[in-house]
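Structure first, then comments.
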Amino acid sequence: ESKRTPLIAGNWKLNLNHLQSIAFVQKLAWSLQDARLDFRTVDVAVFPPFTDLRSVQSLIAADHFPILFGAQDLSEHDSGAYTGEISGAFLKALDCRFVIVGHSERRAYHHETDAIVGSKAAAAIRHGLVPVICVGETAEDLETRGASAVPVEQLGVALEGLPEGADFVVAYEPVWAIGSGRAATPEQAESVAARLREVIEGAMGPDAAARTRILYGGSVKSDNIASFLREPDVDGALVGGASLVVEEFAKIARFQ
Ligand code: PEP
């Protein structure tokens, strides 16, 4: 099995305005270049708020920074009477590579169902974006159904509407580990990631299962990242809090 290129993704959530995003990405790029990070061995991506994307796009293009970027959400619709929504077409026009779908905060605060997350993933693919499909169990799910039942179900629904050969990323983020400082153990992350890879194989075939990156997310820091990346089915991390501190995020990207 050829190992997949690790992806270190920073989800800024509702932090850093467009001016702050410029300063941040500049510092991040300098820091990684200073440390001679070999960008052929790891993909580094940031997920700023929508209003930052134009600034981030311009900066990265102007200075040829090898940093990828994406949005934190998109509409399941392409255009029309959907006040406040942003379409995949608009994100693609801004050179976004990725878009997060189904983050647990969207599921919890914006009532996104598995079906909505699935249609957002399909919308991303339709516009040539790579959806980062987030799944994960709450503390209550963990207690009543174990770790993998809910993520397996969520991913199954999300993959239903994707065309054959679709390029996507999965982020396994136990809700109880997000922002809690209580990360899953590498063994816990591996066990669910391996189950999710089976779900991918069942829905999309063995090539997709071998190719697709599965990230772990939930209280990832520079001092635990390497332990997750050592697991065979964990191909990177989705990082929240620690992605907002340039030097810390740069250290995570340099996990090797
Ligand atoms: C997240 O919300 O995607 C996340 C992983 O957050 P944190 O790293 O802060 O736990």
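At a Förster distance of 45 Å, what's the computed FRET efficiency of E160 paired with T83, Cβ-Cβ distance as r, to 0.05?
Taking R0 as 45 Å, the efficiency between E160 and T83 is 0.95.
Enter the Cα centre distance for the pair the range 178-193 and the range 65-131, rounded to the nearest angstrom.
25 Å
Past 21 Å, Cα to Cα: identify those pairs from K27/K120; K92/K120; K3/K92; K120/K251, in the order given.
In this structure, K27/K120; K3/K92; K120/K251 exceed 21 Å between Cα atoms.
For the range 90-213, would you read off the P(r) tail past 17 Å as a percentage of all alpha carbon pairs?
When all Cα pairs of the range 90-213 are counted, 55 percent exceed 17 Å.
Taking every DSSP beta bridge that has both residues in the chain, what percent is antiparallel when rounded to the nearest 5?
0 percent
So which trypsin sites (Lys or Arg not before Pro) in the range 1-84 are both in a DSSP loop and have at most 10 other Cβ atoms within 10 Å of their Cβ?
Passing sites in the range 1-84 are K3, R36, R40.
Please compute, over every Cα-Cα pair in the chain, the percentage with a separation greater than 34 angstrom.
Roughly 10 percent, rounded to a whole number.
Run lengths n ≥ 4 of DSSP H only: what is the helix-derived mean residue ellipticity at 222 nm for the chain, with -39500 (n - 2.57) per run over all residues, to the nearest 500?
Rounded to the nearest 500, it is -12500 deg cm²/dmol.
Find me the longest stretch of the chain that has none of the exposed GluC sites (Glu not before Pro), where exposed means in a DSSP loop (not H, G, I, E or B) with at most 16 other Cβ atoms within 10 Å.
Free of exposed loop sites, the longest segment is 165-256.
Normalise the Cα radius of gyration of the range 55-122 by 2.2 N^0.38 Å (N = residues in it) and let me know the number.
Dividing the Cα Rg of the range 55-122 by 2.2 N^0.38 Å gives 1.23.
Please list, by residue number, every one of the trypsin sites (Lys or Arg not before Pro) in the range 113-189 that is coil in DSSP and has at most 14 other beta-carbon atoms within 10 Å.
R182
Where does each of T41, T212 land when they are ranked from fewest to most other beta-carbon atoms within 10 angstrom?
The order, fewest Cβ neighbours first, is T41, T212.
Suppose every K and R has +1 on its Cβ and every D and E has -1 on its Cβ; what is the size of the dipole of the range 7-253 about the Cα centre, in Debye to the nearest 20?
600 debye
Between R230 and L14, what is 0.36 nm times their sequence separation minus the Cα-Cα distance? Round to one decimal in nm.
So the extension gain works out to 74.7 nm.
No value in this document is a laboratory result; all are computed from the given coordinates. Remember, it's a predicted structure, so these values are computed and weren't measured experimentally. Ideal geometry is used to build each Cβ from the backbone, glycine not excepted, and the neighbour counts take in all protein chains shown.
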